Amino acid sequence: MTSFKQRVFSGVQPSGNLTLGNYLGAIRNWVGLQDTHETIFCVVDLHAITTWQDPNTLRDATREVAAGMIACGIDPKKSILFNQSQVSAHAELAWIFNCVARMGWLNRMTQFKEKAGKNSERASVGLYVYPDLMAADILLYKATHVPVGADQKQHLELTRDIAQKFNNDYKVDFFPSVEPLIFGEGTRVMSLRDGNAKMSKSDPSENSRINLTDDRDVIAKKIRKARTDSEPLPETLEGLEGRAEARNLMNIFAALSDQTAATICQQYAGQGFAEFKSDLADLSVEVLGPITDEMRRLMGDKAYLDSVLREGASKADAIARPILKEIYDIVGFLRP
């Protein structure tokens, strides 16, 4: 059995503001991985154009996501940080995987059904084969681990299926079996207006989410306005059953304070939401305020952001290109 280098890959779409959900559910956890794994982080602009994007907005959003990741603690000296379109091997391997993956596998992908909705006939082919490109993103670097949320587990399973089928078809032990990295409290942050819906940058209501570009006053105001209920906070998590908004705020408090939700429950047991939300607003400002400030500073230095992404792309390409060459040899492509 081939021994693969421990390598983490993950990416973020440049399709709007990064949110508290992106921070708690993903980026904050990635920061810790930098000291234990080889880490590759990507602004996935090829994925972004599966739905139409204004070109200038896409360029600005790509820089903004890079700025947000750096402000949150992704260190370009420790990690490789780049935007996907600068490394053409992603698109090249995605085509090979389009030919490895089966239609039946893609037909089972629930995210396509959710995003395409009733207009699936009008959706782009890119949106349909999005999971194949995601598999290429990961396997191009022979990544062994991918941090995932609950909504990405199905795509990671497809990545494993593609890797296994490629290995079986060509009788090689080339791609690793990728393992998910799943983190603890607050990994799935819900809307501040609807505790049953994921916090999303595409939600039409600005009050449904905290953006990493929000200033301190806006952050505090959104927390204080967050939907709750009239019941006091319980002593145990079992008492939050059926109280989605309350449980969401409890999870956010726990994640931001590096405590368990059970501990927060005990601390505020029997109280109403006024004091709890006031303390959560203060905590949110304390944690997110410096990120907002640093993000704003970085966004004022586009030359620096472009240089980080360019240098990261060069490092990523240096890993990807030899692996792609081996894949071409395995497949049987005649190359100079």
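The values are calculated or read from the model by the stated rules, or taken from the named source; none is laboratory data. The structure displayed is predicted, hence computed values, not measured ones. Methodologically, a virtual Cβ is constructed for each residue, glycine included, from the backbone with ideal geometry; neighbour enumeration extends over all protein chains shown.
Odds and ends about this structure:
- Some residue of the range 22-44 being over 20 Å from residue 75 (Cβ atoms), free of Cβ contacts under 8 Å to residues at least 60 places away in the same chain and of a type in the set (S, T, N, Q): no
- Test result for residue 286, at pLDDT 95 or above and not assigned by TED's automatic domain parsing to the domain that holds residue 231: no
- Under the condition of being over 29 Å from the mean Cα position of the chain (by Cα) and surrounded by fewer than 19 Cβ atoms within 10 Å (Cβ to Cβ), the residues counted in the range 258-299 number 8.
- Hits in the range 74-110 (condition: charged (D, E, K, R) and over 20 Å from residue 8 (Cβ atoms)): 92, 102, 108
- Lone qualifier among 14, 55 - being surrounded by fewer than 17 Cβ atoms within 10 Å (Cβ to Cβ) and either at pLDDT 95 or above or not β-branched (Val, Ile, Thr) (or both): 55
- Matching residues in the range 199-218 - criterion: being crowded, with 18+ Cβ neighbours inside 10 Å and over 17 Å from residue 69 (Cα atoms): 199, 203, 208, 209
- When 166, 183 are screened for being surrounded by 16 or more Cβ atoms within 10 Å (Cβ to Cβ), more than 22 Å from residue 72 (Cα to Cα) and touching a helix residue (DSSP H, G or I) at 6+ places or on another chain (Cβ under 6 Å), only 166 passes.
- Qualifying residue in the range 29-48 (condition: within 14 Å of the chain's Cα centre (by Cα) and among the charged types (D, E, K, R)): yes
- Picking from residues in the range 135-148 that are within 16 Å of residue 89 (Cα to Cα) and either among the charged types (D, E, K, R) or at pLDDT below 95 (or both), the one that is surrounded by the most Cβ atoms within 10 Å (Cβ to Cβ) is 137.
- Among (1) in contact with a Ser or Thr (Cβ under 7 Å, 6 or more places away or on another chain); (2) acidic (Asp, Glu); (3) surrounded by fewer than 13 Cβ atoms within 10 Å (Cβ to Cβ) - the single one residue 245 does not satisfy: (3)
- Looking only at the range 110-134, and only at residues there that are at pLDDT 80 or above and within 18 Å of the chain's Cα centre (by Cα), the one that is surrounded by the fewest Cβ atoms within 10 Å (Cβ to Cβ): 127
- Within the range 224-238, tally of residues that are modelled with pLDDT of 90 or more and outside any loop (DSSP other than H, G, I, E, B): 3
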